[in-house]
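What follows is a single structure, written as structure tokens, with notes after it.
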Amino acid sequence: MYKVTLIPGDGTGPEITEASRRVFEATGVKFEWDVQNAGEDVYNQEGNPLPDRVIDSIKRNKVAIKGPITTPVGTGFRSVNVTLRQTLDLYSCVRPCKTYTGAKTRYDNIDLVIFRENTEDLYAGIEYEKDSEGAKGVIDLVQKLSGREIRQDSGISIKPISVFGTERIVRAAFEYARKNKRKKVTSVHKANIMKFSDGLFLEVSREVAKDYPDIEFEDRIVDNMCMQLVQKPELYDILVLPNLYGDIVSDLAAGLIGGLGLAPGANISSEYAVFEATHGSAPKYKGLNKVNPLGVILSGVMMLRHLGEIEAADRLDNAIAAIIKEGKDVTYDMKPTPDDPTAATTSGMADAIIARLK
Ligand code: NAD
């Protein structure tokens with residue numbers, strides 16, 4: 001029996017996680033779910049979108065599976081997702097992107113794994129609002145230190161990238177490569193422009209690569225990387241990126257395999273693992289029982305592997321592959337056209353996977 005924290009999330013999160021939970025139980029692996037709500041409703045009720053009880057539960061159980069959580073744009077509370085990753089130091093965001101036969105995509109045979117650094121970079125949350133004391137202080141300091149003028153009406157976000165943070169994410173990528181018999185790691189950056197942040201990321205990547213002579217290493221500038229992924233994705237294997245590029249390139253890679261609906265992920269620290277899809281809460285589809293649950297279900301396949309339930313993980317992955325190949329019991333986003341009347345519902349797709357497992 002595995003005790004796992006289950007965070008339903010908001011928007012389409014609750015319907016997706018409910019469908020996914022039934023699928024995980026149908027593998028025969030025994031779970032005891034510690035359900036913990038977080039997000040906008042919790043903010044309205046408890047004054048904090050990520051109460052301590054959620055963090056405490058993950059600390060107790062070590063493993064969590066999570067639905068997406070909405071982040072208000074501009075004002076309001078800070079992203080629950082980012083806060084969770086920082087609080088638990090879930091530094092390694094692992095996002096495999098693999099094509100399944102039958103998925104609606106322009107590409108065959110994509111097999112990429114993205115390692116996104118999860119705690120630093122422009123996502124560190126060190127920001128100063130226009131006209132604030134902080135913004136004025138930074139503008140004055142920069143003027144004093146470098147003689148450079150930042151316009152007085154600027155908002156400011158700080159981009160820290162450390163040796164410590166880079167070394168552990170690059171090492172995680174190489175360790176994964178070794179364990180999973182992958183051939184190459186590509187470090188992605190913009191070191192030509194941001195010499196001291198991305199430059200450091202590249203330099204540390206090169207240093208870590210020396211410890212793994214059995215695995216090929218190369219680097220790419222992020223804009224070129226985006227073009228190459230669209231033109232010749234088959235040249236790439238494992239990508240390691242700072243936080244912001246990792247976020248953007250993850251969605252690009254999800255597009256290569258058929259969309260956000262089927263891109264899974266894991267956020268991992270040395271102690272804890274939180275599994276969640278790449279996609280967000282898709283609020284416009286909330287309550288419609290319409291969106292694809294595969295992002296979370298495939299994150300569950302990763303969770304089963306993490307728990308050592310390899311046979312159950314393989315069985316579930318095969319059942320999913322069979323459903324996708326058949327193309328009948330899949331949601332609208334996997335049909336030839338989005339208005340296809342034969343599209344399965346969120347729960348219907350989960351039912352079809354469960355039937356396959358039996
Ligand atoms: P989104 O991923 O929610 O949706 C973008 C588009 O992708 C949708 O319009 C939909 O067409 C498609 N899509 C997403 N999930 C799908 C699914 N399961 N099945 C089928 N199609 C799907 O991105 P967004 O609209 O930019 O963000 C909505 C909210 O989610 C924002 O508040 C954002 O901050 C949040 N978000 C949360 C997470 C997270 O919880 N980890 C990640 C990304 C975004």
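The values are calculated or read from the model by the stated rules, or taken from the named source; none is laboratory data. Everything numeric here is computed off the predicted structure, so don't read it as measured data. A quick note on method: Cβ atoms are made from the backbone with ideal geometry, for glycine too, and the neighbour counts reach across all protein chains shown.
Brief remarks follow.
- Applying a threshold of 6 Å to beta carbon distances and a minimum spacing of six or more residues, or different chains, the list of pairs starting in segment 133-144 at a residue that is under 13 Å from residue 156 (Cα atoms) and free of Cβ contacts under 8 Å to residues at least 24 places away in the same chain and ending at one that is not in a helix (DSSP H, G or I) and not acidic (Asp, Glu) reads 134/128; 135/128; 135/156; 138/128; 138/156; 139/150; 142/148; 142/150.
- The condition of being closer than 18 Å to residue 244 by Cα, modelled with pLDDT of 95 or more and not in a loop (DSSP other than H, G, I, E, B) holds for only one of 14, 96, that being 96.
- One residue from 138, 142, 163 being surrounded by fewer than 18 Cβ atoms within 10 Å (Cβ to Cβ), at pLDDT 95 or above, under 21 Å from residue 219 (Cβ atoms) and not polar (S, T, N, Q): 163
- Restricting segment 328-338 to residues that are modelled with pLDDT of 95 or more and over 25 Å from the mean Cα position of the chain (by Cα), the residue that is farthest from the ligand (Cβ to nearest atom): 328
- Which listed residue, of 348, 308, 295, 300, is at pLDDT 95 or above and more than 16 Å from the ligand (Cβ to nearest atom): 308
- Residue in segment 280-291 that is away from the ligand (no atom under 14 Å from the Cβ) and within 30 Å of residue 167 (Cα to Cα) present: no
- Filtered residue count, segment 191-232, keeping only those that are assigned to a loop (DSSP other than H, G, I, E, B) and surrounded by 15 or more Cβ atoms within 10 Å (Cβ to Cβ): 5
- Here is the figure for segment 11-32: residues that are crowded, with 18+ Cβ neighbours inside 10 Å, more than 21 Å from the chain's Cα centre (by Cα) and without any contact (Cβ under 8 Å) to a residue 60 or more places away in the chain total 1.
- Hits in segment 2-49 - residues which are polar (S, T, N, Q) and in contact with a Phe, Trp or Tyr (Cβ under 6 Å, 6 or more places away or on another chain): 12
- Of the set (1) buried (at least 24 other Cβ atoms within 10 Å of the Cβ); (2) small (Gly, Ala, Ser); (3) in a loop (DSSP other than H, G, I, E, B), all apply to residue 287 but (1).
- In the set (1) within 16 Å of the ligand (Cβ to nearest atom); (2) within 27 Å of residue 32 (Cα to Cα); (3) loosely packed, with under 15 Cβ neighbours inside 10 Å, the condition left unmet by residue 318 is number (1).
- Identity of the residue in segment 84-109, surrounded by 19 or more Cβ atoms within 10 Å (Cβ to Cβ) and among the hydroxyl-bearing types (Ser, Thr, Tyr), that ends up farthest from residue 169 (Cα to Cα): 100
- Restricting segment 260-278 to residues that are within 15 Å of residue 334 (Cα to Cα) and either surrounded by 22 or more Cβ atoms within 10 Å (Cβ to Cβ) or at pLDDT 95 or above (or both) leaves a set whose member that is nearest to the ligand (Cβ to nearest atom) is 261.
- Evaluation of residue 245 against (1) part of a helix (DSSP H, G or I); (2) touching a residue at least 24 places away in the same chain (Cβ under 8 Å); (3) over 30 Å from residue 157 (Cβ atoms); (4) more than 10 Å from the ligand (Cβ to nearest atom) (one fails), failing number: (3)
- Considering only residues in segment 64-80 that are among the hydrophobic types (A, V, I, L, M, F, W, C) and surrounded by fewer than 18 Cβ atoms within 10 Å (Cβ to Cβ), the one that is nearest to the ligand (Cβ to nearest atom) turns out to be 73.
- Selection over segment 252-286 of residues that are farther than 24 Å from residue 62 by Cβ and out of contact with any helix residue (DSSP H, G or I) (no Cβ under 7 Å at 6 or more places or on another chain) gives a count of 8.
- Residue that is small (Gly, Ala, Ser) and either within 16 Å of the ligand (Cβ to nearest atom) or closer than 30 Å to residue 358 by Cβ (or both), where the choices are 47, 28: 28
- Scanning segment 75-100 for residues that are more than 19 Å from residue 258 (Cβ to Cβ) and either basic (Lys, Arg) or touching an Asp or Glu at 6+ places or on another chain (Cβ under 6 Å) (or both) gives 78, 85.
- Scan of segment 138-190 for residues that are in contact with an Asp or Glu (Cβ under 8 Å, 6 or more places away or on another chain), in a helix (DSSP H, G or I) and small (Gly, Ala, Ser), ordered by number: 165, 177
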